[in-house]
1. What number, in percent, do you get for the relative contact order of the chain if the mean sequence gap of Cα pairs under 8 Å and at least 6 apart is divided by its residue count?
2. With a 10 Å Cβ neighbour count serving as the proxy for reagent exposure, in which order, fewest first, do LYS119, LYS344 appear?
3. Before rounding to the nearest 500, sum -39500 (n - 2.57) across all DSSP H runs of length at least 4 in the chain and divide by the residue total; then give [θ] at 222 nm in deg cm²/dmol.
4. Which of rounded, prolate, oblate describes region 155-310, given a ≥ b ≥ c as roots of the alpha-carbon gyration tensor eigenvalues and a/c under 1.5 marking rounded, otherwise prolate only if a/b is larger than b/c?
5. If Lys and Arg each add +1 and Asp and Glu each add -1, what is the summed charge of the other residues whose beta carbon sits under 11 Å from the beta carbon of ARG141?
6. Among bridges DSSP assigns within the chain, what percent are antiparallel (round to 5)?
7. Any idea how far the Cα center of region 180-212 sits from the one of region 291-350, in Å?
8. Please report, in Å, the Rg and the Dmax of region 190-257, where both are computed over Cα atoms only.
Amino acid sequence: MPHRRHLFALGAAALAAPAVLRIPRAQAQEVTLRLHHFLPAVSNVHRFFLQPWAQKVQQESNGRLRIQIFPAMQLGGAPPQLYDQARDGVADIIWTLPGNTPGRFPRIEVFELPFVAHKRAIVNCRAVQEFAERHLREEFREVHPICVWAHGEGLIHARRPVRTMEDLQGLKLRFPSRLNGEALRALGAAPVGMPIPQVPEALSQGVIDGAVVPWEVVPALRLQEMVRHHTEIPGSPTLYTATFILAMNRARYEGLPEDLRRVLDANSGQAAATMAAVPWDERGPVVEEMVRRRGNEIILLSEEEKQRWMRATAPVVEAWVAQSAGRGFDGAALLADARALIEKHGQGVS
């Protein structure tokens, strides 16, 4: 009889325990998701955002939700195809730039307008994520967005020094997205659009004279070995940023067991966007110091020159706002909200 009472007590305790604790690991469903992106495994985003994020998801799911990362387009295709790979299920999760497909995601372009973004990535990451929750659900309806963000300050890296607008005349510079290119054109440069993995070959063949990219990606491209002059824009707002999305195949997300969806949700939105800032805000200064020690020239644009650049690029902002009505949205309202969010998240951030 005591033996039966002991069994009954054990059974009652098991029923009272949370379901995730009652399911033996051998019987619990385990899921592996494939994450595809365009940079090599040595890149700072891979090492200091995507890997830690994937490890956190795995740990918080007790090892049941694993994310296998495939860098450098190892699953095939080209960087502009990544978003559609998530939509179509070629990959479960992708990291890409909406700007890789110009004009397809017009609302998120507001952060890529000249002199809108903050110098610090943490501000842009949080602002873009909050903006996405308000305004971009329809824009990204074909996938399940995990987080949306933007990097910190972008620089001009070139074979010749750039201290003034006149130094940009005719300079062939790679740009990441449509509005970045229009801003460079307004400044007198000759912008050349291409996915970032193509930059080293384009530089070596003389197709471009330099590129606009943030510090964090410089070592992955070995850009510091190919150009010797790096121009920073002082303070905020900065010349440009590029936006990013970590997106999942919608059917794959909805098909996850409910408890694993909860783990993924807890590591999405602002939680993931905050982690995304690390490669730019923490690793960027490390890269800058490495480039400085190498003997390359780092130029800080003067405030007076920055004001000239802002006046020269203002028509790019005005044109985007004017064209927005024909694209089905109020660009002036989105721009005002984007600037307000940057101001909100920039409080106390230097």
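What follows draws every value from the coordinates through simple rules; no lab data is involved. Just so you know, these numbers come straight off a predicted model, no measurement behind them. Here the Cβ is made from the backbone with ideal geometry for all residues, glycine too, and neighbour counts use every protein chain on show.
1. Working: 640 pairs, mean separation 84.4, N = 350.
The normalised contact order for the chain reaches 24 percent.
2. Values: LYS119 22, LYS344 12.
Least to most surrounded, the residues fall as LYS344, LYS119.
3. On the way: 16 runs with 147 residues, N = 350.
Computed ellipticity for the chain at 222 nm equals -12000 deg cm²/dmol.
4. Details: a/c = 2.04, a/b = 1.97, b/c = 1.03.
It comes out prolate by the Cα gyration axes.
5. Details: positive: ARG87, ARG137, ARG250; negative: GLU138, GLU139, GLU142.
Charge balance in the 11 Å sphere: 0.
6. Working: 18 of 36 bridges.
Around 50 percent antiparallel, to the nearest 5.
7. Using only Cα atoms to place each centre, the spacing works out to 19 Å.
8. 16.8, 51
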